[in-house]
Every structure is written in structure tokens, then in C-alpha cells.
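> Can you read through this structure? Questions will come right after.
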Amino acid sequence: MWCAWLAWSRSQVVIPVMDKTSPTVVACLDTTLRRIGGVPAYALTDNEKTASVDHVATIAVRHPEMVEVA
């Protein structure tokens with residue numbers, strides 16, 4: 001399940017998905033940004049390996065593919 005929301009506007013996007021692969025995450029992210037009509041200044045993610053590959057001093061190191069997509 002892909003869930004995204006904008007806390008200050010209560011806008012939310014929920015998309016049922018069958019997997020958590022990078023292409024699926026990128027497609028869901030694209031769909032979410034199109035539905036909300038823009039790109040927020042900050043995005044919070046969980047620690048899925050599709051978004052973060054490691055942690056250095058408790059700071060998540062983003063996956064290179066996700067950085068390229070961003």
C-alpha cells in the first residue's frame with residue numbers, strides 16, 4: 001500500500017500496489033505529485049531499501065536512483 005499525505009492541507013493519496021520495487025515506488029511518487037499538483041520542499045520516507053541504502057551517524061543515505069528521480 002502506498003500512502004502519502006500533505007499534513008497542512010489534509011490532501012492524501014492511497015494507491016494499492018503489489019510490490020515495493022524501485023519502478024513501482026517511482027510510479028507511485030509520480031502519481032502522487034501529479035495528483036497534489038506540485039512538489040513539496042521536503043519529503044519524509046520510511047527506511048525502505050528503495051529509498052535509503054544505509055545510515056551514517058543516524059542519517060539516512062538516499063538510494064542513488066531515488067536521488068536521480070528527485
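> Give, as a single signed number, the net charge of other residues whose beta carbon lies under 12 Å from the beta carbon of VAL26, with Lys and Arg counted +1 and Asp and Glu -1.
-2
> Normalised by the number of residues in the chain, what is the relative contact order in percent for Cα pairs under 8 Å and 6+ residues apart?
20
> Give, as a single signed number, the net charge of other residues whose beta carbon lies under 13 Å from the beta carbon of VAL13, with Lys and Arg counted +1 and Asp and Glu -1.
That sum, taken over residues with Cβ under 13 Å, equals +2.
> Something else now. In deg cm²/dmol, rounded to 500, what helix-only [θ] at 222 nm does the chain give when every DSSP H run of at least 4 residues adds -39500 (n - 2.57) and the total is split over its residues?
Calculated from helices alone, the mean residue ellipticity at 222 nm is -9000 deg cm²/dmol.
> Same structure, new question: Which one is right for this structure if percent of Cα pairs over 15 Å apart is calculated from it: (1) 51; (2) 45; (3) 56?
(3)
> Still on this model: For the chain, find the longest principal axis of its Cα atoms and tell me its angle to the long axis of helix 22-36, 0 to 90°, nearest 10.
Between the helix axis and the principal axis of the chain, the angle is about 40 degrees.
Read-outs: derived from the displayed coordinates by stated rules, not from any lab. Note that this is a predicted model, so its numbers are computed, not measured. Cβ sites come from the backbone with ideal geometry, for glycine too, and all protein chains shown count toward neighbours.
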